[in-house]
Amino acid sequence: MGPVRVTAIASLTPLEQLDDDPFLVDSRSQHAMCARWAVEHGYVVARQLLVRGLRHDHDALWDGVRPGQDLFVAPSRRVLESALSSVDDFTAECARRGVRVETVGHAEPSYDARMKACVHRRLSMPTAGYDGR
């Protein structure tokens, strides 16, 4: 039985929604929130998923997941609602497979114009090698 492995789920939200919902667009911050949660609990993030409207039974979710040993984490239910086609179906599938699903539960960051500009640059120039710093 190895260490608990965490699959961090983030929402793939179009850049066009940056002004309306910057946190859902900022997948890097979503994954960072999950990584901090995992460290706080003594777990290891083994996978990071970036999805939108994914079905609860999709192979991408379940590849290599060990019942009773691995878990899913997302920053919030709101992120899960964007990332998955049905949070209720997903949580039921997790229960059926013996896999925990957690939400971080911390407050989302507040985005000012500068933070939104950084997210915009990072996401609009990925092939130029810009890493957002």
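The values are calculated or read from the model by the stated rules, or taken from the named source; none is laboratory data. Please read these numbers as outputs of a predicted model, since none were measured by experiment. Here the Cβ positions follow ideal geometry from the backbone for every residue, glycine too, while neighbour counts run over all protein chains shown. For accessibility, only protein heavy atoms count, side chains too; no ligands or nucleic acids. Shrake-Rupley method; radii C 1.70, N 1.55, O 1.52, S 1.80 Å.
Scanning region 99-116 for residues that are over 19 Å from residue 31 (Cα atoms), open to solvent by 40 Å² or more (accessible area, probe 1.4 Å) and not charged (D, E, K, R) yields a single hit, 113. Annotation for region 82-90: at least one member residue is surrounded by fewer than 17 Cβ atoms within 10 Å (Cβ to Cβ), within 29 Å of residue 124 (Cβ to Cβ) and modelled with pLDDT of 95 or more. Suppose we keep only residues that are farther than 18 Å from residue 31 by Cβ and touching a helix residue (DSSP H, G or I) at 6+ places or on another chain (Cβ under 7 Å) within region 50-81. Which one would you say is most open to solvent (accessible area, probe 1.4 Å)? Per the stated criteria, the residue is 67. Pairs under 8 Å by beta carbon, first residue touching a residue at least 24 places away in the same chain (Cβ under 8 Å) and over 16 Å from residue 81 (Cβ atoms) in region 24-38, partner among the charged types (D, E, K, R) and open to solvent by 20 Å² or more (accessible area, probe 1.4 Å), six or more apart or different chains? From residues that are touching a residue at least 24 places away in the same chain (Cβ under 8 Å) and over 16 Å from residue 81 (Cβ atoms), the pairs are 28/122; 37/102.
Cβ-Cβ contacts under 8 Å between residues 6 or more apart (or on different chains), taken from a first residue in region 68-96 that is without any contact (Cβ under 8 Å) to a residue 40 or more places away in the chain to a second residue that is open to solvent by 70 Å² or more (accessible area, probe 1.4 Å) and assigned to a strand (DSSP E or B), are listed as 94/100.
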